[in-house]
C-alpha cells in the first residue's frame, strides 16, 4: 500500500464526476490550474488524466516532510516525471514549481496533535495547510483553479479533502477543482505508471509522526 494511504469512510458525492463535468467544458482549456502534488507516484495518474484539458502547473508543496534529503528527493522525482510526460505528451506543456521547504509550518499546525493516530485531526490540519498555501500562491500568481493529488489514494477521504479545498479556495479567492482521482482505477494506473517510469515510491507520507508509526509497525 502507498505511503499516502489513509483509511477513511467512503464519501457519497461523486467528485470524479464533478471533475469530468468541469474538464469537459471547452472553456476550461484556456484556464490555469495550480495542482498541489504530494509525490511523483500519485501525480503520475492525475497529470495524465487531466493533461490537455487545462493548463497545469505541478506545485510541489509539502511542509509535512521534515527531512530535507527526503523532501529534495521527492521534488526531484516529480520534476523528472513532469519532464517525461512533457516529452510523451508534447501538447501538455506541464510546468513544475517547487515550493519552499518549511516544516516549521507543519509542526505549528500539528502542535498538541503529535500523538493523534493516522487519519485523525493532525492529517486534516496538514491537508488544510497545504491547500491553503497553494490557494494563496494561486491567487497571487493569477491561477484560475487549485486542486490536489491527495485524492488519488484509495484510502483517503475525498469528501474531507474536497470540503477543505473548497473552503480555503473560497476564502483565498480562487476556484476549487473537485476530484477523486482514485476513481476509474486511478490508483491502479498510478502503480502501473510508477513501474513504467521507475518512480521512487516512499513508504510513509513524509511527516515524522507517520514515519514513527511505520517504524513501530516494523518493530
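FYI, it's all coordinate maths here, none of it is from the lab. None of these values were measured; they are calculated from a predicted model. Quick reminder, even Gly has a Cβ in these numbers, built from the backbone with ideal geometry, and neighbours come from all protein chains shown.
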Seminar exercise, completed: The condition of being buried (at least 21 other Cβ atoms within 10 Å of the Cβ) and closer than 21 Å to residue 180 by Cβ holds, among 47, 23, only for 47
Exercise. Has the stretch 120-128 got at least one residue that is surrounded by 15 or more Cβ atoms within 10 Å (Cβ to Cβ), in contact (Cβ under 8 Å) with a residue 60 or more places away in the chain and in contact with a helix residue (DSSP H, G or I) (Cβ under 8 Å, 6 or more places away or on another chain)?
Worked result: yes
Exercise. Do we have residue 199 as touching a helix residue (DSSP H, G or I) at 6+ places or on another chain (Cβ under 8 Å), within 22 Å of residue 110 (Cα to Cα) and surrounded by 21 or more Cβ atoms within 10 Å (Cβ to Cβ) here?
Worked result: no
For this session: Report yes if some residue within the stretch 153-162 is over 18 Å from residue 54 (Cβ atoms), free of Cβ contacts under 8 Å to residues at least 60 places away in the same chain and touching a strand residue (DSSP E or B) at 6+ places or on another chain (Cβ under 8 Å); otherwise report no.
Result: yes
